[in-house]
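Only the coordinates and a few stated rules stand behind these numbers; no lab work does. Computed from a predicted structure; not experimentally measured. We place every Cβ from the backbone using ideal geometry, glycine too, and count neighbours over all the protein chains shown.
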Amino acid sequence: MKAMALTQYGPDVAFQPIEIDRPVVTPGHVVLRVAATSVNTVDTMIKTMGKDLPLSPDLPAVLGMDFAGTIEEVGPGVTGFSIGDEVYGCAGGLADLQGALAEYMLADAQLIALKPKSLTMREAAALPLVGITAFEGLQRAGTTAGQKVLVQGGAGGVGHVAVQLAKDLGADVYTTASGEKQHAILAGYGATPIDYRAEQVADYVAKYTGGAGFDVVFDSVGGANMAKSFEAAALNGQVASTVAMVELDLTVAHMKGLSLHVVFMLIPMLHDVGRATHGTILAKLAEIADRGALKPLLDNQEFTLKDVGAAYERLMRGGAIGKVVVSV
């Protein structure tokens with residue numbers, strides 16, 4: 001089968017077309033024909049950093065974690081899926097798991113779900129990693145109807161899904177973003193946009209919570225921004241972060257009695273622990289999408305498999321609005 005692979009790692013290294021063996025179905029797995037895959041920040045990190053990241057695959061590396069496609073073979077022990085089913089998931093592109101930048105892919109059946117009927121293959125391929133991350137963060141923070149929820153970085157891949165999921169839970173949602181275009185998109189989801197460049201944390205906390213702070217802060221920016229999330233949170237509030245690799249003084253978190261939830265959604269794939277949870281979340285996301293409460297935002301530039309290098313550049317340059325998707 002055809003695939004696009006890296007024969008070495010580095011920011012300026014080009015993907016190369018290669019021919020590799022089509023996967024052989026194994027117990028508990030399916031072989032699917034890939035229709036589309038999306039590019040996530042972690043994909044670009046693997047390409048750039050290579051083996052400096054412990055999760056990077058050996059070379060030659062076929063990347064691509066997210067996918068949507070059609071099942072062509074079902075392995076022994078797999079239930080709930082049949083040949084011809086359209087499915088989606090996040091099941092490869094790291095460690096020893098072949099990714100989706102290929103015509104066919106072997107996927108653990110625990111890591112997939114039936115594709116939302118209301119979404120195209122391209123839309124479905126944009127959803128798994130960011131959708132699972134957003135769902136898990138809100139769930140672990142105990143998000144419920146009536147709470148005031150702040151999503152930091154609401155226009156990002158994880159952020160725009162977290163905004164929609166929090167609204168679906170009945171929360172009163174606010175989100176930081178920059179620029180009129182991003183604000184218009186987020187307002188369309190029913191959230192209140194906050195221009196983080198023009199308003200200080202104390203100002204928007206006073207404006208929207210009367211100074212009490214937000215019940216839940218979902219921080220999809222992370223890093224040094226986590227200090228702002230602590231500042232924005234209410235007493236005994238919940239903070240979920242997707243990027244917690246930072247040295248930070250926890251005094252504010254201590255004095256407020258905050259709970260911090262670090263979401264690293266790749267753990268089930270990397271360690272083969274709790275994989276069925278991802279399949280369950282994907283099925284729930286499909287249900288939410290099919291009743292019209294969730295739709296991934298796609299970048300307006302389209303790419304094919306041979307253009308995957310340009311797709312990675314598109315995300316790495318920061319010019320994309322919405323998920324960058326590659327049609328296979």
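Values for this structure:
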| read-out | value |
| --- | --- |
| Value of relative contact order over the chain, rounded to a whole percent, pairs C-alpha under 8 Å and six or more apart | 19 percent |
| Whole-Hz ³J(HN,Hα) from phi, Karplus 6.51 cos²θ - 1.76 cosθ + 1.60, for region 256-270, glycine and proline x | 8, x, 6, 10, 10, 10, 9, 9, 10, 6, 7, 3, x, 5, 5 |
| Longest exposed-site-free window of the chain, the sites being trypsin sites (Lys or Arg not before Pro) in a DSSP loop that have at most 16 other C-beta atoms within 10 Å | 1-116 |
| Förster-model FRET efficiency, 56 Å R0, SER327 and ALA206, C-beta, rounded to 0.05 | 0.75 |
| Label-point separation, ASP52 to GLU313 (7 Å along Cα→Cβ), nm | 2.2 nm |
| Proportion of all alpha-carbon pairs of region 90-224 beyond 26 Å (%) | 31 percent |
| Selected from VAL30, GLY274, VAL217, residue furthest toward positive end of dipole (the chain; charges at beta carbon) | VAL217 |
| Sum of side-chain charges, PRO23 neighbourhood, beta-carbon under 15 Å (Lys, Arg +1; Asp, Glu -1) | -4 |
| Entries of LYS256/LYS323; LYS47/LYS323; LYS2/LYS51; LYS117/LYS228; LYS47/LYS256; LYS207/LYS256 with Cα pairs more than 28 Å apart | LYS256/LYS323; LYS117/LYS228; LYS47/LYS256 |
| Candidates GLU313, GLU247, GLU302, ranked by Gaussian network fluctuation over the chain, Cα under 10 Å, top entry | GLU247 |
| Local electrostatic count, THR242, Cβ distance below 14 Å [Lys/Arg +1, Asp/Glu -1] | -1 |
| Nonlocal amide H pairs with ALA5, under 5 Å, H built at 1.01 Å | GLN16, ILE18 |
| Over 20 Å [Cα-Cα, region 1-67], rounded percent | 33 percent |
| Charge dipole (debye, nearest 20) of the chain; +1 at Cβ of Lys and Arg, -1 at Cβ of Asp and Glu | 500 debye |
